[in-house]
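Report on the following structure.
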Amino acid sequence: MKCSQCQQVDTKVIESREAADGEAIRRRRVCANCQYRFTTYERIERPQIIVIKNNGTRELFNRDKLLAGLYRACEKTPITSLQLERLVANIEQQIQSCGDQEVATARLGDMVMERLSQLDEVAYVRFASVYRRFKDIAGFERELTEIRERKTGYVKG
């Protein structure tokens with residue numbers, strides 16, 4: 001593994017441990033040349049998932065892009081990085097277990113929202129506001145009403 005500071009290829013693993021519920025291995029490394037310490041992650045390479053965007057274009061699924069959106073939605077909530085890593089790994093696993101190579105952004109967003117709603121309501125509403133593109137306060141109100149109805153089992157007639 002090449003050192004990101006001095007580009008030397010002589011690095012040493014000083015610690016390894018499981019990450020993301022066994023889905024990855026986290027390795028702490030040190031450069032033999034400049035003594036810089038850094039972390040790498042090793043994951044099983046799975047078939048690539050293609051995301052079909054709303055406009056019909058296709059792009060490779062990017063777990064880091066999804067995680068970045070989740071981190072923004074989960075700021076100042078009790079949700080941990082490990083919970084978010086598990087959430088994304090679970091979604092990837094679900095898509096691949098169906099045998100699908102492609103997934104629509106709408107389905108992907110619904111999968112995220114379903115899981116987020118179980119973790120934290122504030123993070124769920126934040127994510128929903130971007131994913132569903134609320135244009136006004138009425139959109140927020142509709143979403144909050146749905147949350148209340150799910151929690152209480154009461155649906156207004």
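Structure notes:
- Residue (of THR105, ASN55, SER129) at the positive-pole extreme of the stretch 30-153, dipole from beta-carbon charges: SER129
- For ILE14, the shell of other residues with beta-carbons less than 10 Å away shows a net charge of +4, using +1 for Lys and Arg and -1 for Asp and Glu.
- Helix-only CD estimate at 222 nm, as mean residue ellipticity for the chain, using -39500 (n - 2.57) per DSSP H run (n ≥ 4): -14500 deg cm²/dmol
- Nonlocal Lys pairs with alpha-carbon distance under 23 Å, the chain (8 or more apart, or different chains): 5
Values quoted throughout were computed directly from the atomic coordinates according to the rules given, and no laboratory measurement underlies them. Predicted, not measured: the structure shown is a model, and the values here were computed from it. Using ideal geometry, Cβ is built from the backbone for each residue, glycine included, and neighbour counts are taken over all protein chains shown.
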